[in-house]
Every structure is written in C-alpha cells, then in structure tokens.
Amino acid sequence: NSATFWSTTGMFPQEFIIGFPKCVRISKVAIQCYLVRTLRIERSVAKDPVGFEHCIEKDLEHTEGQLQTEEFALPDFQATYLRFIIKSAFDHFVSVHRVMAEGT
C-alpha cells in the first residue's frame, strides 16, 4: 500500500527482517526509503531468521523532499530471510515505503 510506511524510532542502527515461505532465488532487490544514509542487506538461508551473512552495504544519496529509490542486482542469490539494517541516516527518523524482491 503506497499510503503506508515503516518509520524508525530515532536511534541507529535500526533493522527489519522480511521472510519468505521457503528458500527462494532472488535476482534483484529494490527499496524506496527516505533519509537513509547507510543501508546494509544481509541474508539467511536457515529455517529460522538466524545465521545472517553480509550481502551488500551502500551509502545512499540524500534526496531532499523525495524518496530514495535503490536497486541491488543479486546474481545467483538465495535467501529465506532478508535483514535490512539502516546503519545511519540524514535525520533522526527515516522511513521505508516499499521493498521489492524479484526472482523465483
């Protein structure tokens, strides 16, 4: 729903985990967010959300007054869970508006 979003509580790092019903192959992840400075994505292939391993970390560009949109190509990538860690921000609070994963 484009009218809803997840907002941080003001301290960093902040994180959220997205789980899939089973281990899936992901080719691309896209995120729309606001005021995120440094984003890290980790994955787990375990049955439970444990044993995460680092996949990508990126400093995002500041886009005053508009959403940041970032895409990450993930060739030959499998995951049961994705953990998104917002390590730092351009303000005290940030928001995440959409996360999309493409694959099979």
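The values are calculated or read from the model by the stated rules, or taken from the named source; none is laboratory data. This structure is a prediction, so every number in the text was calculated from the model and none was measured. Note that each Cβ is placed from the backbone with ideal geometry, even for glycine, and that neighbours are counted across all protein chains shown. For the accessible areas, the whole protein counts, side chains as well, though only heavy atoms, and no ligand, DNA or RNA atoms are used. Shrake-Rupley method; radii C 1.70, N 1.55, O 1.52, S 1.80 Å.
Quickly run through the range 66-81 and pick out the residues that are modelled with pLDDT under 95, open to solvent by 70 Å² or more (accessible area, probe 1.4 Å) and part of a strand (DSSP E or B).
Selection gives Ala73, Pro75, Asp76.
Which residues, counting only those in the range 86-104, are closer than 21 Å to Ser44 by Cα and open to solvent by 20 Å² or more (accessible area, probe 1.4 Å)?
Once the filter is applied, which keeps residues that are closer than 21 Å to Ser44 by Cα and open to solvent by 20 Å² or more (accessible area, probe 1.4 Å), the range 86-104 yields Lys87, Arg98, Val99, Met100, Ala101, Glu102, Gly103, Thr104.
Output the residue which, of all residues in the range 50-64 that are in contact with a strand residue (DSSP E or B) (Cβ under 9 Å, 6 or more places away or on another chain) and under 26 Å from Ala3 (Cβ atoms), is most open to solvent (accessible area, probe 1.4 Å).
Glu61
If I filter the range 5-56 down to residues being within 24 Å of Gly103 (Cβ to Cβ) and of a type in the set (Ser, Thr, Tyr), which single residue comes out as modelled with the highest pLDDT?
Ser44
Hey, could you check the range 85-104 for residues that are touching a Lys or Arg at 6+ places or on another chain (Cβ under 7 Å), modelled with pLDDT under 95 and part of a strand (DSSP E or B) and say which is nearest to Leu67 (Cα to Cα)?
Glu102
Okay, residues lined up against (1) in contact (Cβ under 8 Å) with a residue 60 or more places away in the chain; (2) of a type in the set (A, V, I, L, M, F, W, C); (3) part of a strand (DSSP E or B):
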site	(1), (2), (3)
Gln32	yes, no, yes
Leu39	no, yes, yes
Pro49	no, no, no
Ile56	no, yes, yes
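Restricting attention to the range 21-45, which residues are farther than 22 Å from Ser95 by Cα and surrounded by fewer than 16 Cβ atoms within 10 Å (Cβ to Cβ)?
Pro21, Lys22, Cys23, Val24, Arg25, Ser27, Val45
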